[in-house]
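Below: the structure, in structure tokens.
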Amino acid sequence: MNNTSVITQRFIKCHNKLRENKTVKSSRQFAVDIDYLPQSLSEILKGRRDVTIEVLRKSVEIFKLNPIYLFTGEGSMFLSEEDNKSLRILTVMTDVTDEERIVHVPVPAQTSYAMELNNPKFIQNLPNFTLPDYKYKVGTHRSFDAAGDSMEPTLFEGDKIVCSFIEPTLWESGIKDGYVYVIVTQDDIVIRRVYNFVKTNKLIEVHSDNKFYEPYNIPLSMIREIWYVRAKISPFLPAPNRIQHLFYEDMNSLKNTVTEQSRLIEKLNQTIQKLVDLK
């Protein structure tokens, strides 16, 4: 057991406690209940291999092992009834070496993602990939397609953003004012610049970089996940129709400015003429 991780050692203690309490009759029953090979579980229990993320996920889900205890050693081994009500297991994808992969959520899947968070099969059917940078090997990451124009000029439709998961216990202290986050609510996914009012008002205030859109508040009760945007993957240039759209926007803005200045000049000329006539 000395060659195994401390998480594996805590997992073994939880397993042994379940057998001691007769919650499970045998290690074989434990393995069958979590849909895992009894021989592979035996290797873990003998300290010959480390527990996998998937085994931990299923053990938390079925036997209510406390993930905080497993990963930090703090708290009780098992979740209370109240803890269990507020717990949601984050589904992850791994490769053959148990390295986490980045799950991508394209635009067509985003509404379903918000409603299918508790469905591992839905997450497993989404595309996934890896990035070479070491920072994407630590923690859980997702990528999302940017949609609409609410975050222009920072993000354009078609950009892909790579994000790291923010644990709900860290929302109060870990969400930084003015940074961009993906907020998954009960029925939607939004990408916005966030201001943190978790401690004072139990909400976050979200701002678009496109000033056409007004800021608004999202209560914590509506939020299911928050992801910190770490990078974006963009096409080399916006699509031709997007360039044309931006060109017309700039031209219209310039036209409005010139029209307003012409109006002010005309009004000034009229004022000067009146003064001349008085003389």
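Since every read-out is calculated from the coordinates, none of them should be taken as a lab result. As the structure is a prediction and not an experimental result, all values here were calculated from the model. In this analysis, Cβ positions are derived from the backbone assuming ideal geometry, glycine residues included, and neighbour counts consider all displayed protein chains.
Between Pro235, Pro215, Pro106, the Gaussian network model of the chain with springs among Cα atoms under 10 angstrom shows the greatest mean-square fluctuation at Pro235.
About its Cα centre, segment 1-138 has a charge dipole of approximately 460 debye under the convention of +1 per Lys or Arg Cβ and -1 per Asp or Glu Cβ, with nothing else charged.
Dipole size of the chain about its Cα centre, with +1 on Lys/Arg Cβ and -1 on Asp/Glu Cβ: approximately 680 debye, rounded to the nearest 20. For segment 6-86, the normalised intensity computed at q = 0.13, 0.17, 0.18 Å⁻¹ comes to -0.35, -0.61, -0.69 (log10 of I(q)/I(0), Debye sum over alpha carbons, equal scatterers, no solvent).
Which of the GluC sites (Glu not before Pro) found in segment 1-74 are loop residues per DSSP with 14 or fewer other Cβ atoms within 10 Å of their Cβ? Sites meeting the loop and neighbour criteria: Glu74.
Computed from Cα positions, the angle between helix 240-278 and the longest principal axis of the chain comes to roughly 30 degrees.
Take the convex hull of the alpha carbons in segment 85-233; its mean projected area over all directions comes to 9.2 nm². Springs join every pair of Cα atoms under 10 Å in this Gaussian network model of the chain, and among Ala231, Ala147, Ala114 the largest mean-square fluctuation is at Ala231.
Plugging the Kirkwood radius over Cα pairs into Stokes-Einstein for the chain, at a temperature of 37 °C and a viscosity of 0.692 mPa s, what D comes out in µm²/s?
On the way: Rh = 22.7 Å.
Using the Kirkwood radius from Cα pairs, D works out to 145 µm²/s.
With 29 Å as the limit, the listed pairs Lys121/Lys232; Lys211/Lys255; Lys17/Lys137; Lys64/Lys121; Lys121/Lys202 have Lys17/Lys137; Lys121/Lys202 beyond it between alpha carbons.
From the alpha carbon centroid of segment 164-204 to that of segment 263-279 is 55 Å. Full extension of the segment from Arg28 to Lys267, taken as 0.36 nm per residue of separation minus the current Cα-Cα distance, would add 77.0 nm.
Per-residue ellipticity at 222 nm, computed for the chain from helices alone with -39500 (n - 2.57) per DSSP H run of at least four residues, works out to -12000 deg cm²/dmol. With a Cα-only, solvent-free Debye model of segment 11-169, what are the log10 I(q)/I(0) values at q = 0.16, 0.17, 0.19 Å⁻¹? Each listed q maps to, in turn, -1.03, -1.13, -1.31. Can you tell which of Glu266, Glu99, Glu152 shows the greatest fluctuation in a Gaussian network model of the chain with Cα springs below 10 Å? Of Glu266, Glu99, Glu152, the Gaussian network model singles out Glu266 as fluctuating most.
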